[in-house]
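The values are calculated or read from the model by the stated rules, or taken from the named source; none is laboratory data. Since we're looking at a predicted model, the values are computed, not measured. Glycine gets a Cβ as well: all are built from the backbone with ideal geometry, and neighbour counts include every protein chain shown.
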Amino acid sequence: MIVQVFLRWAETARTGDRARAASALAKAFVGSSLGPDEHRAAIMAMTYLLDDPSPKVRLSLAEALASSDVAPRPIIMSLAEDQPEIACTVIACSPVLRDADLVELAGRGDSFTRSLVATRPGLGCSAAAAVAEVGDGAEIVLLLENDTASISRITLRRMAQRFGHLADVRHLLLERGNLPADARHMLVAHVAAALAGSDLVTRTIGAKRIDVMTREAGDEAIVAIAGSIFQDEIPLLVEHLKTSGRLTPALLIHALCSGKVDFFASAIVSLVHLEERRVRAILATGRVHAVRALFEAAGIGRDIVAVFVEAVFLWRRAAAGGGLDTCYFGLLEQFEGLRGDGGAVGQLLDMVDLLHRGELRRSARSYAADVSLVA
């Protein structure tokens, strides 16, 4: 009877009166001051108000229900899909909305709805993943700027895959300490591509030189990433590099000479499909023939395999206290006669020489910085 009276009254009442009635009705509902029959009647009346032609009425309803944890979920979901001002009120803070509801809203809604979901405080992993999967670049930026959102490593990787070409997304992703190593490398590759595609850089340096520089910088970045991640991340990085064709002899020799042995061993394991324990044993204590057979099984060409074998024995000496310079100097000295002949060994040694010079410059800069701090 109460509902019938309310419905008849609402048909002729002015907008302002209906808005005040909607607010009072919703507040009475969430205030638990209604009996069972009145409670059911209030739900029916609020459901009727969802179709009110005036946004002002629906907004009053949304504002009264938004912060309540006892608000009827079907009504909240309907308000969340209303026009922007009304949807914003409930999506931003309604405790009734579950992660699954937010996933549904992100999937069915428009860009504005996804933006509201992305900025919601305390956003859960599932909803964040939904936004990352269907959102555009601007929505991804909003999600990454939401410091209270729970974003899984898988979702971060997906963001890098979809929007690594956008500078704003790259910047926000690279600031995250839990960004997976393979995703970090994707972003580095996008940076290199952006530089290579710059008209200014092309005119200044030349396309051929840019290609060489980006490839070398990419290898430097990979080795740096490999040295800064946890052991359990290395196989994923290796698999990513293998799939993308970046697991090259130049990269492997770089990793070995710079002491990134965990990464190097994992790469060889991936290439030969042997147990990691067996590969590590050969690298650490195997004789020349065993080491050579291991590298040949990994697909390293016979014309350069001797360089890798020598590098392993030099690394053993370095690990025993000789320092990483032992690897660089030893290789360059051992194969000096083959440098400059244009062959595969010569090209690989040129790369080793370049890497060595880079290491020396980094060491010098680090030393200078330490001296400046002391002074």
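Tabulated results
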item: Only one of ASP37, ASP17, ASP51 that is not basic (Lys, Arg) and not in a helix (DSSP H, G or I); result: ASP51
item: Any helices (runs of 4 or more DSSP H) falling wholly within region 179-249 and containing at least 2 residues that are at pLDDT 70 or above and surrounded by 17 or more Cβ atoms within 10 Å (Cβ to Cβ); result: 181-196, 207-226, 234-243
item: Single residue of ILE234, ILE253, ILE268, ILE300 found to be in contact with a Pro (Cβ under 8 Å, 6 or more places away or on another chain), within 26 Å of GLY358 (Cα to Cα) and β-branched (Val, Ile, Thr); result: ILE300
item: Region 101-118, residues that are surrounded by fewer than 19 Cβ atoms within 10 Å (Cβ to Cβ) and among the polar types (S, T, N, Q); result: SER111
item: Condition check for LEU354: under 23 Å from PHE230 (Cβ atoms) and out of contact with any helix residue (DSSP H, G or I) (no Cβ under 6 Å at 6 or more places or on another chain); result: no
item: Residue that is modelled with the lowest pLDDT, among those in region 1-32 that are over 19 Å from ARG73 (Cα atoms) and of a type in the set (Gly, Ala, Ser); result: ALA10
item: Every pair of residues 6+ apart whose Cβ atoms lie under 7 Å, when the first sits in region 151-172 and is over 21 Å from GLY124 (Cα atoms) while the second is part of a helix (DSSP H, G or I) and of a type in the set (D, E, K, R); result: GLY164/ARG170
item: Condition met for GLU145 (farther than 14 Å from ASP99 by Cβ, out of contact with any Lys or Arg (no Cβ under 8 Å at 6 or more places or on another chain) and free of Cβ contacts under 8 Å to residues at least 40 places away in the same chain); result: yes
item: Pairs, first farther than 17 Å from GLY343 by Cβ in region 304-321, second assigned to a helix (DSSP H, G or I) and of a type in the set (Gly, Ala, Ser), C-beta under 7 Å, six or more apart; result: LEU314/GLY330
item: Pair list, Cβ < 8 Å and 6+ apart or interchain, from region 215-243 residues that are closer than 20 Å to ILE154 by Cα and of a type in the set (S, T, N, Q) to residues that are assigned to a helix (DSSP H, G or I) and modelled with pLDDT of 90 or more; result: GLN231/ASP262
item: For ASP262: the one exception among (1) at pLDDT 85 or above; (2) closer than 18 Å to ARG153 by Cβ; result: (2)
item: Region 56-96, residues that are in a loop (DSSP other than H, G, I, E, B) and either buried (at least 23 other Cβ atoms within 10 Å of the Cβ) or among the small types (Gly, Ala, Ser) (or both); result: ALA66, SER67, SER68, ALA71, ALA92, SER94
item: Subset tally (residues that are in a helix (DSSP H, G or I) and either closer than 19 Å to ALA221 by Cβ or of a type outside the set (A, V, I, L, M, F, W, C) (or both)) for region 138-158; result: 7
item: Members of region 139-182 that are of a type in the set (Val, Ile, Thr) and more than 20 Å from LEU236 (Cα to Cα); result: ILE140, VAL141, THR148, VAL169
